[in-house]
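Encoded as structure tokens, the structure appears first; notes follow it.
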Amino acid sequence: MTETTSPPVAGEAPAYPMTRTCPYQMPVGYEELRERGPLTKVTLYDGRQIWLVVGNEVGRTLFPDPRLSSNVLHPGFPFLAPRIAAQTQQRAAPPLVGVDDPEHARQRRMVIPGFGIRRIAALRPEIERIADGLIDEMLDRGSPAELLSQYALPLPSAVICALLGVPYEDRGYFDERSRLVLSSAGEDEAERARKAFTEILGYLHDLVGEKEKHPGDGVIDDLIAHQLEDGSVDRDELAMICSLLLVSGHETTSNMIALSTVTLLEHPDQLALLRRDDALLPGAVEELMRFTSIGDVLMRVAVEDIEIAGRTIRAGDGVAMSTMLMNRDPHAWENPDVFDVTRSSGRHVAFGYGIHQCIGQNLARAEMEIALRTLFRRIPGLRVPVRSDQLPLNAPYVLQGIGELTVEW
């Protein structure tokens, strides 16, 4: 197989086409990338060529490979846009997602008990109560409604507050700032994003201090009791970890709830299957994760040479892991571009794979199941008044999702 590269792209354009006309379909140009094979080369905004991982099997092999580093401060680490590079260089490496073992393993051991299956199972009645309460409010206001602000965002926001032990009345403060942290409109947004993150960090630093005096029963309280007090972590690092959990704990799921709603409404035959057999819903959530892939690209840098798929990734090479393309690999699934709630989607990598696999995946699954079940049970006549290709989409380089979602019934 010959090695191919995509042409250089000027300005802040991504290394490969990112323009989406439909929120749940692959961006324009991804079909061509998929046809190049499981591992190919693309060009970044600055002309640097990096490897793009397309194949599911190759990706699942590379994800846990210690020769690929997640350390964003490594001099060879690749970034999709100059704003992201500048923003990263202004602060320390983000915990968990931007560091390698042994630091990563130490941090993960601290937080993983708070997101275990038993703890999430115990939280389910609270998630159901929150979902029903939000639907009550939507129905009281009447049709139409803006689903993101009235349901898809406040549900996971309230849940992550309950789990972490963050006062729910403060959700407006960090909801707005989380959006700014993950925004990507361009260089003008960089300073606003930096300021928003600093404010979230300061809020959580103060909250940790308050909880030291007045403990509660959230994950943050557990971290204070078992990690901070015995010196395993200092207050600054703990605030950083909690910032990551808070921001990622509701932005990702809110985007998935909105995307899943649109996807199901535009596939009424699949929605009908779920209405007839509720037991299909857990598998449908996995298929929705595979089919929509809101977090498309995870970046890495090689710290040693790696021979794979007939290619050699050299030490210092940048590597982009496209979870969307891995989840649409025709070698892993038959008809991968077809949405099928009866499909076995267990090999998807929407939560990543290996040591950096998403800590909050159990929580995300529970929230999506409950959010979708409650929404379509309580509002059976739900509809979106426009086609999905007319919906406003999130800007590139962040979570792929819908900027606004008006629904009617």
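Students often forget the sequence filter, so: which aspartates and glutamates lie under 19 Å Cα-Cα from Lys211 once same-chain residues fewer than 8 apart are removed?
The reachable aspartates and glutamates, counting only those whose Cα sits under 19 Å from Lys211, are Glu169, Asp170, Glu199, Asp221, Asp222, Glu229, Asp230, Asp234, Asp236, Glu237.
Rounded to the nearest 10 Å², what accessible area does Trp333 show when all protein chains are kept and the probe is 1.4 Å?
20 Å²
Separation of the range 203-219 and the range 347-377 by C-alpha centroid, Å?
Centre-to-centre distance over Cα atoms comes out at 27 Å.
Using modelled backbone amide H atoms (1.01 Å from N, in-plane), which distant-in-sequence or interchain residues come within less than 5 Å of Ser69's amide H?
So Ser69 has HN proximity to Val301, Ala302, Val303.
Could the peptides 162-172, 209-219, 369-379 be put in order, highest first, of the mean number of other beta-carbon atoms found within 10 Å of their residues?
Result, highest mean Cβ count within 10 Å first: 369-379, 162-172, 209-219.
Whole-Hz Karplus ³J(HN,Hα) for the range 281-295, in order, using 6.51 cos²θ - 1.76 cosθ + 1.60 and θ = phi - 60°, x for Gly and Pro?
Once θ is set to phi - 60°, the couplings for the range 281-295 become 4, x, x, 5, 4, 4, 5, 5, 4, 5, 6, 9, 6, 5, x Hz.
Can you give the extra length, in nm with one decimal, that the chain gains between Glu404 and Arg194 once fully stretched, where that is 0.36 nm per residue apart less the Cα-Cα distance?
73.2 nm
If contacts are Cα pairs under 8 angstrom and at least 6 residues apart, what is the relative contact order of the range 368-409 in percent?
Here the relative contact order equals 41 percent.
Could you please report the charge total around Gly142, scoring K, R as +1 and D, E as -1 over all other residues with beta-carbon less than 15 angstrom from its beta-carbon?
-2
When percent of Cα pairs over 39 Å apart is calculated directly from the model, which label among [x] 25; [y] 16; [z] 20 fits?
From the options [x] 25; [y] 16; [z] 20, the structure gives [y].
With a cut-off of 8 Å between alpha carbons and a minimum separation of six or more residues, what is the relative contact order of the chain in percent?
25 percent
Would you kindly find the accessible area of Arg300, with a 1.4 Å probe and non-protein molecules such as ligands, DNA and RNA excluded, rounding to the nearest 10 Å²?
Looks like 20 Å² after rounding.
Taking θ = phi - 60°, what integer Hz values does the Karplus form 6.51 cos²θ - 1.76 cosθ + 1.60 yield along the range 109-115, in sequence order, with x for Gly and Pro?
Computed from phi, the couplings for the range 109-115 are 4, 5, 9, 4, x, x, 10 Hz.
The values are calculated or read from the model by the stated rules, or taken from the named source; none is laboratory data. Since this is a predicted model, take the numbers as computed values, not measurements. Virtual Cβ from ideal backbone geometry, glycine too; neighbours counted across all protein chains shown. Heavy atoms of the whole protein, side chains included, go into the accessibility calculation; ligands, DNA and RNA do not. Shrake-Rupley method; radii C 1.70, N 1.55, O 1.52, S 1.80 Å.
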